[in-house]
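Below: the structure, in structure tokens.
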Amino acid sequence: MEGQRWLPLEANPEVTNQVSENKEEFIKNDKERLTVFPIEVQFTCKNKCFFYKPRDGEMWTVVILSSGKSFLGEPDCEMTNTVHFLKQLGLHPNWQFVDVYGMDPELLSMVPRPVCAVLLLFPITEKYEVFRTEEEEKIKSQGQDVTSSVYFMKQTISNACGTIGLIHAIANNKDKMHFESGSTLKKFLEESASMSPEERARYLENYDAIRVTHETSAHEGQTEAPNIDEKVDLHFIALVHVDGHLYELDGRKPFPINHGETSDETLLEDAIEVCKKFMERDPDELRFNAIALSAA
């Protein structure tokens, strides 16, 4: 996969506030930045959302908020950065990326509808790599149905998974999007429409307008961007609805993954079920984050 190497759109998120086994002690120590909800899905959040599973199995949820913000406050810097990135590429803000705060129906109801894509950020671990290899071998052996309408591209540029996730999300919903005149992203999608996944990857490598916008956004994030040669062990994938089916689009994989039937109305819930499986494969990991592309 090694070819070009771009700066990551954001530095590795860190879970800096570990949840104490004593809920009361944790709330007391962090009371100025905590809101507690009696919901049966666990996560912690520091500017970004991280799903959390308590060690003692107690069913409670804590949200760690940045100082001075309420639970439903302003978008954090990372999210604003994504909006700015898409605006620079010429996408009209009639759709926006919003945080998915948890997998419980009550929390999913906070996400504006309709939703046309979900991006999942997850850690690349040894367990995941074993699963990825087994999944690929199984699909190659048994086959799967993938409609030709799916726009899919490979990832040949290191640290570009965030940008490729965004491209996958927009490209497979192009008919819903409004592009500004002279949009860089629209031009790229039109010019690459008839290309193979591998050709699209090579085309992106030399598409300076998107590369420059990507790197500008990487430098504008709230955290210091890693060195361009630094290994980043977190990865973005896109989950989209195309022709009645839910597809996982990951440029590290050789093909889209068909996760079964879905609809515009159930896409968010169906995509979250896929996200749950990622989390179940790595139960000791906290570094999961989901955002949804929703109508503004």
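The values are calculated or read from the model by the stated rules, or taken from the named source; none is laboratory data. Model, not experiment: these values are computed from the prediction. Quick reminder, even Gly has a Cβ in these numbers, built from the backbone with ideal geometry, and neighbours come from all protein chains shown. To get the accessible areas, we keep the full protein, side chains included, count just its heavy atoms, and leave off ligands, DNA and RNA. Shrake-Rupley method; radii C 1.70, N 1.55, O 1.52, S 1.80 Å.
All conditions but one from (1) part of a helix (DSSP H, G or I); (2) free of Cβ contacts under 8 Å to residues at least 12 places away in the same chain apply to Ser148; the one that does not is (1). Here Lys187 meets the list (1) assigned to a loop (DSSP other than H, G, I, E, B); (2) surrounded by 14 or more Cβ atoms within 10 Å (Cβ to Cβ) almost entirely, failing just condition (1).
Summed over segment 130-158, residues that are over 14 Å from Ala201 (Cβ atoms) and crowded, with 18+ Cβ neighbours inside 10 Å total 1. Across segment 190-212, the number of residues qualifying as loosely packed, with under 15 Cβ neighbours inside 10 Å and β-branched (Val, Ile, Thr) comes to 1. Go through segment 215-230 and give me each residue that's open to solvent by less than 60 Å² (accessible area, probe 1.4 Å), modelled with pLDDT under 60 and of a type outside the set (A, V, I, L, M). Residues satisfying the conditions are Ser217, Gly221, Thr223, Pro226. Can you confirm whether segment 243-262 contains a residue that is under 25 Å from Thr133 (Cβ atoms), modelled with pLDDT of 95 or more, aromatic (Phe, Trp, Tyr) and outside any loop (DSSP other than H, G, I, E, B)? Scanning segment 243-262 turns up at least one residue that is under 25 Å from Thr133 (Cβ atoms), modelled with pLDDT of 95 or more, aromatic (Phe, Trp, Tyr) and outside any loop (DSSP other than H, G, I, E, B).
For segment 99-115, does any single residue satisfy the condition of being in a strand (DSSP E or B) and either modelled with pLDDT under 90 or out of contact with any Leu (no Cβ under 9 Å at 6 or more places or on another chain) (or both)? Yes, there is a match, as at least one residue in segment 99-115 is in a strand (DSSP E or B) and either modelled with pLDDT under 90 or out of contact with any Leu (no Cβ under 9 Å at 6 or more places or on another chain) (or both).
For segment 237-296, the set of residues classified as basic (Lys, Arg) and open to solvent by less than 20 Å² (accessible area, probe 1.4 Å) consists of Lys253 only. Pairing residues of segment 239-265 that are closer than 16 Å to Ala292 by Cα with residues that are acidic (Asp, Glu), at Cβ distances under 7 Å and at least 6 apart in sequence or on separate chains, gives Leu239/Glu248; His241/Asp264; Leu246/Asp270; Thr262/Asp270.
The set of residues from segment 263-294 being outside any helix (DSSP H, G or I), over 14 Å from the mean Cα position of the chain (by Cα), under 15 Å from Ser109 (Cβ atoms) and not polar (S, T, N, Q) comprises just one member, Glu265. Could you look through segment 85-98, keep only residues that are open to solvent by 20 Å² or more (accessible area, probe 1.4 Å) and outside any loop (DSSP other than H, G, I, E, B), and pick out the one that is nearest to Ala292 (Cα to Cα)? Of everything passing the filter in segment 85-98, Val98 is nearest to Ala292 (Cα to Cα).
Of the residues making up segment 159-176, those that are hydrophobic (A, V, I, L, M, F, W, C) and either open to solvent by 10 Å² or more (accessible area, probe 1.4 Å) or assigned to a helix (DSSP H, G or I) (or both) are Cys161, Ile164, Leu166, Ile167, Ala169, Ile170, Ala171.
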